[in-house]
Amino acid sequence: MTDVLQDVTLPQFRILVLLRSVGSFRIGALAARMNAKPSTFTRTIDRMVARGWVDRAGSNDSRREVLVTITDSGRELVDRVTQRRREDISEILGRLTPSEQESIRAALTLFAEAAGERRADDALVLGT
């Protein structure tokens, strides 16, 4: 996984995970979702387009709207990292007793709820 993460930044990976699960996003809505400034975010998307991870195209609904969509290459990157994280987490959890595993699950659930995120077990599956 570290070799993959040398190529993609954590914010870029978060964008890819979101696009992988949701599909296309208007660039402004995606920037807002990621709590990013639109000008900075546009440069991030430019770099991701150059890497072949996302496509950017005009919306059929409005010429002013720009949609960002994950490419097959971006999906493969998310899937590869997610699979590697699953393997790593499984190996680590395998070293714990069932009781310790339950404590970890409960702590992650509480943390995710406090952060307003999806359930902790969903986050682990997504690799976020």
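The values are calculated or read from the model by the stated rules, or taken from the named source; none is laboratory data. It should be emphasised that the depicted structure is a prediction, and the values quoted were computed from it without experimental measurement. Using ideal geometry, Cβ is built from the backbone for each residue, glycine included, and neighbour counts are taken over all protein chains shown. Each accessible area value is taken on the protein alone, full model and side chains, heavy atoms only, with ligands, DNA and RNA left out. Shrake-Rupley method; radii C 1.70, N 1.55, O 1.52, S 1.80 Å.
Counting only residues that are in contact (Cβ under 8 Å) with a residue 40 or more places away in the chain and in contact with a strand residue (DSSP E or B) (Cβ under 7 Å, 6 or more places away or on another chain), which one in segment 24-52 is farthest from Val66 (Cα to Cα)? Give the derivation first.
Initial filter on segment 24-52 (in contact (Cβ under 8 Å) with a residue 40 or more places away in the chain): 24-27, 51.
Subsequent filtering for residues that are in contact with a strand residue (DSSP E or B) (Cβ under 7 Å, 6 or more places away or on another chain) retains 24-27.
Values: Ser24: 10, Phe25: 8, Arg26: 6, Ile27: 6 Å.
Going through the qualifying residues, I end up with Ser24.
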Revision key, fill the gap. Expected output for segment 97-121 (first residue at pLDDT 90 or above, partner open to solvent by 70 Å² or more (accessible area, probe 1.4 Å) and part of a helix (DSSP H, G or I), Cβ below 9 Å, 6+ apart or cross-chain) is none
Exercise for review: Could you please let me know if Ile89 is within 27 Å of Gly116 (Cα to Cα) and modelled with pLDDT of 95 or more?
Suggested key: no
Revision key, fill the gap. Quick count over segment 91-105, residues being aliphatic (A, V, I, L, M) and open to solvent by less than 70 Å² (accessible area, probe 1.4 Å), is 2
Study note, to complete from the structure: All conditions in (1) within 14 Å of the chain's Cα centre (by Cα); (2) open to solvent by less than 90 Å² (accessible area, probe 1.4 Å) are true of Glu76 except (2)
Study note, to complete from the structure: Selection from segment 14-24 of residues at pLDDT below 90 and open to solvent by less than 40 Å² (accessible area, probe 1.4 Å) yields Gly23
Point to revise | Test result for Leu77, under 22 Å from Val8 (Cβ atoms), of a type outside the set (D, E, K, R) and modelled with pLDDT of 90 or more | key: yes
Review point. Can you pull out the residues in segment 37-72 that are at pLDDT 90 or above and assigned to a loop (DSSP other than H, G, I, E, B)?
Key: Gly52, Trp53, Thr71
